[in-house]
Amino acid sequence: MPVLTHNLGGADVIGANDLLQRRTVEPGTSVRLHLVNTDNGPRRFVLAGASYRVAAIDGVDLNAPALIRGQALELGGGGRYDVTFTMPRTPVRLQVAGSRVGIVFSADGRGSISAPEPEVLFDPTTYGQAKATSFGPRSRFDRRFQMTITRKPGFLDGRPGLQWAVNGKIYPRTPMFMIREGDLVKVSISNRTGAFHPMHLHGHQMLVLSRNGRPVRGSPWWVDTLNVRPNERYETAFRADNPGLWMDHCHNLRHAAKGLTMHVAYEGITTPFQAGDDARNHPE
């Protein structure tokens, strides 16, 4: 069941509904919820009334996900979690934290249960069991890049202000990471701002290697949108197996529109399109 959350005109919604929804589910039924945060900023989901598993992140199944209970699931902008549980005889409630919207599942469609916000935050770096991958922290990388996100005074589209910067450069002079097909690429991401940046690499899945210097010890954690919290540091890696010119940008689209955008480009790939408001690219 898809569960898309958004804020429309100041109202939080799941799908197109800004009220508490109810679903009738027979006890013993296996339920899979596909949680999607379509907002710019992070959102937290709470599941009360049943133990559950985080079965997948960004469309990739986790290895040996354990049953958990009473943990908040924080999704960055564009992030997706798949959550599974077996319906008990008593009601279960999925709640968007800090909001009145949610879904209550019960045998008769009329049950009720509260959903207090947990104090514990789900941690993908320690969840599930480790499993061999085709590359990892000890691999020999063909390319290594650093992505450092800051803010600095400068001009964007001719307007002065405090701008987002990547490696000290303001768009459109942000760096381009040049790679070749087949390369094993390591990208270290450092967020030196007070904002959340869900960094989204088009065309590839990234393997998260470490967070703040600590290796991932649970299931292999593959993402296409990595929610980088203020002052966090990540090491990620990906195989260059999809030639093209790919955006690598913040999935807070307000940040992307304000210049928190760069590209990963394969050598030998070109395009007639240009960056900038006056490029007159057709189609856009």
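The values are calculated or read from the model by the stated rules, or taken from the named source; none is laboratory data. Bear in mind the structure is a predicted one, so any value in this text is a computation, not a measurement. Reconstructed Cβ throughout: ideal geometry from the backbone, glycine too, with neighbour counts over all protein chains shown.
Taking Ser99, is it out of contact with any Lys or Arg (no Cβ under 7 Å at 6 or more places or on another chain), in contact (Cβ under 8 Å) with a residue 60 or more places away in the chain, over 18 Å from Asp224 (Cα atoms) and among the small types (Gly, Ala, Ser)?
yes
Which residues, taken from the range 135-166, are without any contact (Cβ under 8 Å) to a residue 24 or more places away in the chain and touching a Gly at 6+ places or on another chain (Cβ under 6 Å)? Within the range 135-166, none qualify. Residues being closer than 20 Å to Arg254 by Cβ, modelled with pLDDT of 95 or more and buried (at least 16 other Cβ atoms within 10 Å of the Cβ) are entirely absent from the range 180-188.
How many residues does the range 176-235 hold that are among the acidic types (Asp, Glu), out of contact with any Phe, Trp or Tyr (no Cβ under 7 Å at 6 or more places or on another chain) and outside any strand (DSSP E or B)?
The qualifying residues number 3.
Of all the criteria given as (1) closer than 25 Å to Gly213 by Cα; (2) surrounded by fewer than 16 Cβ atoms within 10 Å (Cβ to Cβ), the one not satisfied by Leu162 is (1). Applying the criterion of being aromatic (Phe, Trp, Tyr) and touching a Ser or Thr at 6+ places or on another chain (Cβ under 8 Å) to the residues of the range 220-243, the residue that is surrounded by the fewest Cβ atoms within 10 Å (Cβ to Cβ) is Trp221. The residue of the range 192-219 that is nearest to Met176 (Cα to Cα), among those that are surrounded by fewer than 20 Cβ atoms within 10 Å (Cβ to Cβ) and of a type in the set (Ser, Thr, Tyr), is Thr193. Condition first: at pLDDT 95 or above, basic (Lys, Arg), in a loop (DSSP other than H, G, I, E, B) and in contact with a Leu (Cβ under 8 Å, 6 or more places away or on another chain). Can you find one or more residues in the range 249-261 that meet it? Checked the range 249-261: at least one residue is at pLDDT 95 or above, basic (Lys, Arg), in a loop (DSSP other than H, G, I, E, B) and in contact with a Leu (Cβ under 8 Å, 6 or more places away or on another chain). Which pairs have Cβ atoms under 7 Å, sit 6 or more apart or on different chains, and link a residue in the range 242-263 that is assigned by TED's automatic domain parsing to the domain that holds Leu184 to one that is surrounded by fewer than 18 Cβ atoms within 10 Å (Cβ to Cβ) and of a type in the set (Asp, Glu)? Hits for this filter: Pro243/Glu181. Listed by first and then second residue, the pairs with beta-carbon distance under 7 Å, at least 6 apart or on different chains, first residue in the range 167-183 and touching a residue at least 12 places away in the same chain (Cβ under 8 Å), second among the acidic types (Asp, Glu) and surrounded by 13 or more Cβ atoms within 10 Å (Cβ to Cβ), are Asp183/Asp142. Scanning the range 8-58 for residues being over 20 Å from Ser114 (Cα atoms), modelled with pLDDT under 95 and of a type in the set (A, V, I, L, M, F, W, C) gives a total of 3.
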